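Q: The structure that follows is given in the form of structure tokens.
The values are calculated or read from the model by the stated rules, or taken from the named source; none is laboratory data. Model, not experiment: these values are computed from the prediction. FYI the Cβ positions are ideal-geometry reconstructions off the backbone, even for glycines, and counts take in every protein chain you see.
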């Protein structure tokens, strides 16, 4: 007979974890993911200041490219190794590498040193996001998982708001505690990483798994590197080189050879492959990967450019632009939480990807109508619609891909989903930036020609020629002499627009807004393709057990069969 003094045993899930334990474990996983997500937005906001400090403005793209290459390449490797030897050691290794890389970045004395240290840092970043999702797949069943994965999506949304704010503050401060302000962009990762290490080490208790004798697919890793590195480089540098330049064509050829070699190696390796090709025989997984690429392109390509519009056209500072992204984040979080709760209650997810893709397409299409004179509140409504669509799409997409393959492939399937989404995002950003900058000069020229018929603009030019503002004087003088370089000036330094007299600045803002319209229309077409694809996506019933429990049951069944 129990007494009131006796403690009531908390309810555990199929893997033996209580809700409280899951939340504690999640705190460590989220901190690890936050390291990678926040780092990217902070650095992207600060990179121009850092480049100026290190006197390497022309080399700043290589800092971004180095990180992108190593983090993308490392993602599938973490997934494969964690399937073979266990999750926890590799997640701890990823955090450790990332923290050491951050510390090294803070000590860089040149942009090339910084690029090398960012490449090392990227080796850790590749495991932070995919392994966090994989570990959650181990400890909770797909149906339970829907309740929790909204928190992970919130990390991305939060980083898009907090990152620019923190980056702007740190890079704009001359010195903090005797250390140059921009160096804190990287040093801020160190305490967060140490706390994440402590939490994960203490609370993440996963059953040990016997080490497999399957050899590591070094041939596949090498072939993937040969294929991806040139393609990622040209995606980042192609606009500057020219997409049909000799450098770009060489990258295309090397990339194609590497990708074909990778496919041939993986076919030969079978189950030992870095990304086993048998997974793509599963139609749900194969189509889900294609959808991940498409959604990644629409999401990263379209949304990454929103801060550009807010800064150039609406005149917001990088810090304010980050805060103005809150409607997008709020929509993303509310959509993700709503989808997660309904999936957990019903066990069905088929309804959400089409709804999410439709809202994403609608939001991007509405942003296509935004102009230089559109009220900010209207833009924020369109952003909220886009975010709500992403929330309803991204969470079920990850859940479905994890559920499509057997639990033994949890690591490699989650890593593959993350990997292909990153590839799609990289291509999307490269293509949409190219569209933006191709359209920018002609659209600004057209707007300037239209403005030339307006008396107020003509008077602003006359006033600008004699102005004490050097930017007004330079632009006005260029317009008087019909210098074609004036229209393209914003390509080199967009801050020029904010320094101009409002009347002189308006045609520049109008031309930029017209160019952004073309970008959002292109992103709408990509999102529409994603919507069409999800309509053909078959729903696979969600498993009732997490990865740990499913593997345990498989072992018990195998043992029973041998008796």
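Q: For region 159-183, name all the residues that are within 18 Å of residue 105 (Cα to Cα) and surrounded by 21 or more Cβ atoms within 10 Å (Cβ to Cβ).
A: Once the filter is applied, which keeps residues that are within 18 Å of residue 105 (Cα to Cα) and surrounded by 21 or more Cβ atoms within 10 Å (Cβ to Cβ), region 159-183 yields 163, 166, 167, 170, 171, 182.
Okay, residues lined up against (1) more than 19 Å from residue 432 (Cα to Cα); (2) touching a residue at least 60 places away in the same chain (Cβ under 8 Å):
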position	(1), (2)
236	no, yes
241	no, no
247	yes, no
286	yes, no
308	no, yes
324	yes, no
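Q: Moving on to the next point. Report, ordered by the first and then the second residue, all pairs with beta carbons closer than 9 Å, sequence separation of six or more or different chains, a first member in region 409-438 that is free of Cβ contacts under 8 Å to residues at least 40 places away in the same chain, and a second member that is assigned to a helix (DSSP H, G or I).
A: 438/239; 438/515; 438/518
Q: Between a first residue in region 206-234 that is within 20 Å of residue 255 (Cβ to Cβ) and a second residue that is in a loop (DSSP other than H, G, I, E, B) and modelled with pLDDT of 75 or more, which pairs have beta carbons less than 7 Å apart while being 6 or more apart in sequence or on different chains?
A: If the second residue must be in a loop (DSSP other than H, G, I, E, B) and modelled with pLDDT of 75 or more, the pairs left are 217/273; 217/274; 220/273; 220/274; 221/274; 224/274.
Q: Continuing with the same structure: Select the helices (runs of 4 or more DSSP H) contained entirely in region 244-351, then report the ones holding at least 1 residues which are in contact with a helix residue (DSSP H, G or I) (Cβ under 6 Å, 6 or more places away or on another chain) and within 18 Å of residue 163 (Cα to Cα). Even if it seems obvious, please write down each step before you answer.
A: Values: elements: 246-269, 283-303, 306-312, 318-324, 326-346.
Result: 283-303, 306-312, 318-324, 326-346.
Q: If we scan region 20-29, do we find a residue that is crowded, with 16+ Cβ neighbours inside 10 Å, modelled with pLDDT of 80 or more and not in a helix (DSSP H, G or I)?
A: Within region 20-29 (the criterion being crowded, with 16+ Cβ neighbours inside 10 Å, modelled with pLDDT of 80 or more and not in a helix (DSSP H, G or I)), the answer is no, since none of the residues qualifies.
Q: Would you mention how many residues in region 352-376 are crowded, with 16+ Cβ neighbours inside 10 Å and outside any helix (DSSP H, G or I)?
A: The initial filter retains those residues of region 352-376 that are crowded, with 16+ Cβ neighbours inside 10 Å, namely 352-368, 370, 372, 374.
Subset that is outside any helix (DSSP H, G or I): 368, 370, 372, 374.
Of the residues in that region, 4 qualify.
A quick yes/no check of all residues on (1) at pLDDT 85 or above; (2) out of contact with any helix residue (DSSP H, G or I) (no Cβ under 8 Å at 6 or more places or on another chain); (3) buried (at least 17 other Cβ atoms within 10 Å of the Cβ); (4) at positive phi:
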{"site": "519", "(1), (2), (3), (4)": "yes, no, yes, no"}
{"site": "526", "(1), (2), (3), (4)": "yes, no, yes, no"}
{"site": "533", "(1), (2), (3), (4)": "yes, no, yes, no"}
{"site": "546", "(1), (2), (3), (4)": "no, no, yes, no"}
{"site": "549", "(1), (2), (3), (4)": "no, yes, yes, no"}
{"site": "553", "(1), (2), (3), (4)": "no, yes, no, no"}
{"site": "558", "(1), (2), (3), (4)": "no, yes, no, no"}
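Q: While we're on this one: Could you please find all residues in region 36-56 being surrounded by fewer than 18 Cβ atoms within 10 Å (Cβ to Cβ) and part of a loop (DSSP other than H, G, I, E, B)?
A: The one that is surrounded by fewer than 18 Cβ atoms within 10 Å (Cβ to Cβ) and part of a loop (DSSP other than H, G, I, E, B): 55.
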